[in-house]
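K.L.:
Would you mind keeping the following structure in view while I ask a few things?
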Amino acid sequence: MGLRDSWIEKREAAVAGANGNRNVSQMHLARQGVISEEMAYLAKREKLEPELIRSEVARGRCIIPANIHHRNLQPMAIGIATKCKINANIGNSSTSSNIDEELKKLHHAVHYGADTVMDLSTGGDIPMIRKAIIDASPVPVGTRACCASMCRWCANGLREL
């Protein structure tokens, strides 16, 4: 069970009858004046008032990269009022593709203080590698869809752009 499971389930149940509106983004909640569980968690983590986190998110001066499908991540905030964050880039290449190695890189990145991780994989089974990284990561994971698209393009013999 992920840290955010109950938080997300509660929100999904609340919006289920909202005329098809399934917007459960942090910005949407913040603009409605709601301090989400993620915002309260971040306020403690950042040593800030929950209302400051909410207002900064609502104004677009702070983001909470917390996709509802990545339930085991520990929420974090990136913004003007928050602490500086560290991002780590990981990813395999077309010459070296090993999920275990990528998970080891993820572990080291988080262990040594990365607040976020960017997967820049360019070879191998990118969807499978990304799923393994996201499932194992306690921090938000960013991806570059263009890398996967270009790899599929090249793999299909369409080498000219």
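K.L.:
Considering Ile64, Ile80, Ile86, Ile53, which residue is among the β-branched types (Val, Ile, Thr), surrounded by fewer than 18 Cβ atoms within 10 Å (Cβ to Cβ) and over 21 Å from His107 (Cα atoms)?
P.N.:
Exactly one of Ile64, Ile80, Ile86, Ile53 is among the β-branched types (Val, Ile, Thr), surrounded by fewer than 18 Cβ atoms within 10 Å (Cβ to Cβ) and over 21 Å from His107 (Cα atoms), namely Ile80.
K.L.:
If you don't mind, there's one more thing I want to ask. Evaluate the range 99-109: report whether one residue or more is charged (D, E, K, R), in the same structural domain as Gly142 (by TED's automatic domain parsing), in a loop (DSSP other than H, G, I, E, B) and modelled with pLDDT of 90 or more.
P.N.:
Looking through the range 99-109, none of the residues is charged (D, E, K, R), in the same structural domain as Gly142 (by TED's automatic domain parsing), in a loop (DSSP other than H, G, I, E, B) and modelled with pLDDT of 90 or more.
K.L.:
Next question, about the same structure. Looking at Arg11, Arg71, Arg31, Arg59, which is the one that is under 19 Å from Ile134 (Cα atoms) and among the basic types (Lys, Arg)?
P.N.:
Answer to the selection: Arg71.
K.L.:
Further question: Considering Thr122, Thr95, Thr82, which residue is among the hydroxyl-bearing types (Ser, Thr, Tyr), under 19 Å from Pro140 (Cα atoms) and part of a loop (DSSP other than H, G, I, E, B)?
P.N.:
Being among the hydroxyl-bearing types (Ser, Thr, Tyr), under 19 Å from Pro140 (Cα atoms) and part of a loop (DSSP other than H, G, I, E, B) holds for just one of Thr122, Thr95, Thr82, which is Thr82.
K.L.:
Also: I need the full set of residues from the range 38-90 which are at positive phi and at pLDDT below 90, in order please.
P.N.:
Listed by number, the list is empty, since nothing qualifies.
K.L.:
Name, by its number, the condition in (1) acidic (Asp, Glu); (2) in the same structural domain as Ser137 (by TED's automatic domain parsing); (3) surrounded by 15 or more Cβ atoms within 10 Å (Cβ to Cβ) that does not hold for Glu38.
P.N.:
(2)
K.L.:
Same structure again: Identify all residues within the range 67-77 that are surrounded by fewer than 17 Cβ atoms within 10 Å (Cβ to Cβ) and of a type in the set (A, V, I, L, M, F, W, C); write none if there are none.
P.N.:
Answer for the range 67-77, where residues must be surrounded by fewer than 17 Cβ atoms within 10 Å (Cβ to Cβ) and of a type in the set (A, V, I, L, M, F, W, C): just Ile68.
The values are calculated or read from the model by the stated rules, or taken from the named source; none is laboratory data. Computed from a prediction, not measured in an experiment: that's the story for all the values here. Don't worry about glycine lacking a Cβ; one is built from the backbone with ideal geometry, like all the others, and counts go over all protein chains shown.
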